[in-house]
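Take a look at the structure set out below.
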Amino acid sequence: MREYEPGKNPQIKGLIPGLTEIGKIKIGRKGAERKNAEGKTWQLPEKVDHFIVTTLDRGPDNNFLPDKELCARLKLAEKPKEIPITLLFDDLSLNFQSRYVCYVGKKLACSGDGENAITAGHKIIPCPCPQKEPTYKGPDKCKMNGCLSCLITGAGIVGGVWKFRTTGYNSTVGIMSSLSLIATMTGGFLAGIPLRMRIMPKVATNPDNGQSVTIYVVGITFAGDMAQLQKTSLAIAQSNAEYRQRMIGVEDAMRKLISVDAEIVDQAGDINEEHYPPEPEEPEEPEVPNITVTTAADAKVDTVVDTVLVKVTREGTPEPAAMPKQETAAHETPPPALSDPLELFGD
């Protein structure tokens, strides 16, 4: 046992720091309450075609309150289609984290990276599994989860980030593709470049019935051409050469400290309610366990995971399903968007 050292403040070991969230950027909200046959209430998620910048406070309808003061300061439109942002890191994976995630009720059942997943019981199983397919209808559905952490330009606040969360394939791939392209053009620079977060309509195909639907996809853009982007990134690099060296060390430390699993566990209730709603056409669905961890709930989660493990073991690791065709002819008129609460296309 080490002796007490006067003047040295001890720190708790094993704590996992992360980026402090001071607000949210959303393209959806919780709608009117509904009841199933057993009388259990839930709120059907609603999609919108614009961004909603919120505080962390909730209103009477259980939605996060819009940050009207910030939006007025930034002179954003009433229904903004784009938001000025900057990123903290050059490493794409630190700015935008992604995982496959499965919940049972409001409890995390397992999360994976596309090759391996770890269950609530700390078992390692193959990933992905059949539960991620768009046509899977069980209560233990697996979805892509993406989380973008950014600063809102002009907010005048330092010490936290705004987070945009999505379970949509199109927005997840859209954000990753945008950031990868920008990083390629700048020679790997992302931190500090003035960017714009945009929401754009896109025509996709419903895998259930093959019909075309209009969805809204989030992406990241730079307001200028390639030459302007390279000039901007070069100016940042030249004026911050010493900062660049420090940033490399900071990113190395953050990779070890930031935990994606801690994020999806801490936010389990909100993520489940907004992105994993119950099936309205199956009101007789048994009540799922609440967030309180009990022996019975643990047993239920392990049963779900073990069932998937046995199926994967017998059939072999399934190949990822081919994504449905996303584009239609430019002259076709897109039909109205689905109101499907499963949100097969996500954010």
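What follows draws every value from the coordinates through simple rules; no lab data is involved. For clarity, every value in this text was computed on a predicted model and none was experimentally measured. FYI the Cβ positions are ideal-geometry reconstructions off the backbone, even for glycines, and counts take in every protein chain you see.
Quick rundown of the values:
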| item | result |
| --- | --- |
| Nonlocal amide H pairs with Ala109, under 5 Å, H built at 1.01 Å | Cys102, Tyr103, Val104 |
| Of Lys107/Lys137; Lys47/Lys143; Lys81/Lys132; Lys13/Lys143; Lys81/Lys143; Lys24/Lys231, those spanning more than 27 Å from alpha-carbon to alpha-carbon | Lys81/Lys132; Lys13/Lys143; Lys24/Lys231 |
| Net charge, Glu33 excluded, C-beta distance under 11 Å - Lys, Arg +1, Asp, Glu -1 | +3 |
| Inter-probe distance in nm under a simple model that places probes 7 Å from Cα toward Cβ, at Arg196 and Asp113 | 3.5 nm |
| Amide H partners (placed H, <5 Å) of Asp140, local residues excluded | none |
| Sites matching GluC sites (Glu not before Pro) across segment 35-142 that sit in DSSP coil, with at most 14 neighbouring C-beta atoms within 10 Å | Glu38, Glu78, Glu115 |
| Where trypsin sites (Lys or Arg not before Pro) fall in DSSP loop in segment 59-139, at most 14 other Cβ within 10 Å | Lys75, Lys123, Lys137 |
| For segment 39-81 versus segment 133-184, the gap between their alpha-carbon centres in whole angstrom | 17 Å |
